1. Taking 7 Å along the Cα-to-C-beta vector as the label spot, tell me the Glu24-Phe111 distance in nanometres, rounded to one decimal.
2. How charged is the neighbourhood of His85? Take every other residue with its Cβ under 11 Å from the Cβ of His85, and add Lys/Arg as +1 and Asp/Glu as -1.
3. Please list, ordered by chain and number, the residues whose modelled amide H lies under 5 Å from the amide H of Ala55; skip anything fewer than 5 residues away on the same chain.
4. Per 10 Å bin, what percent of the C-alpha pairs of region 33-127 does each bin hold, from zero upward?
5. Please give the residues of region 18-44, grouped as numeric ranges, whose backbone N is less than 16 Å from a label point set 7 Å along the Cα-to-Cβ vector of Lys72.
6. Considering only C-alpha atoms, what is the centroid distance from region 17-85 to region 94-137, in Å?
7. For His17 and Trp35 in one chain, what is 0.36 nm times their gap in residues minus the Cα-Cα distance, to one decimal in nm?
8. Given Cβ point charges of +1 (Lys, Arg) and -1 (Asp, Glu) and nothing else, what value in debye, to the nearest 20, does the dipole of region 1-86 about its Cα centre take?
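None of the figures in this text is laboratory data; all of them are computed from the coordinates on show. Just so it is clear, the structure is predicted and the values come from calculations on it, not from any experiment. Don't worry about glycine lacking a Cβ; one is built from the backbone with ideal geometry, like all the others, and counts go over all protein chains shown.
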Amino acid sequence: MATQLTADDAKQSLTAHVAAKGEEICAKYGPGLGWKELQQLLNDRNFVRYPCEIAFDASQLNPGEFAYPVMKGERPEDGFTLHVHPFYMLQLPMVPYLVLYQLVAVNYGGFASSDDAEAFGAAALGLSCDEYYTKLCELADQLGVGEVEPAHAGAGDSCGCGGA
């Protein structure tokens, strides 16, 4: 008799998958993934499914939002612009924290939750989920926000890895 997968099984499977991908990124680009490595990662189709570029532009962000990916055309294959709040232009070493969180939405769309984004970003940077979540909160707080959950999302908890 075949066992049916539940929605919770699928969620756990995706979270495990994104964490494993994050660990592969960490192994390839190092736990100190900086601006230069981030540019290389964005062009690596083994890890970033669709073409992406970063724009320090808040025009597509909701108030207090640090970053958000916007499709360039009608299909994901047309690529994405990762809008990052211009405030972070002077903090390039911190931009990978913000972008990694958003790459899960680029790669998996609405199937991914904030839990998945945290697991992915933490693994890619060689951090625990708690450490990653704390850093995201510190960065978001610089804009006057207390939550890292983007207003565009709407799925999952803002603290899926046990942070805050």
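1. Here the modelled spin labels are 1.4 nm apart.
2. Details: positive: none; negative: Asp57, Glu65.
Neighbourhood net charge equals -2.
3. Here the answer is Leu82, His83, Val84, since their amide H atoms fall under 5 Å of that of Ala55.
4. Over region 33-127, the share of Cα pairs per 10 Å bin runs 16, 54, 29, 1 percent.
5. Within reach of a label on Lys72: 39-44.
6. The distance from the Cα centre of region 17-85 to that of region 94-137 comes to 10 Å.
7. Details: separation 18, 0.36 × 18 = 6.48 nm, distance 2.46 nm.
Here the segment from His17 to Trp35 would lengthen by 4.0 nm.
8. Values: 8 positive and 12 negative charges, 30 e Å.
Charge dipole of region 1-86: 140 debye, to the nearest 20.
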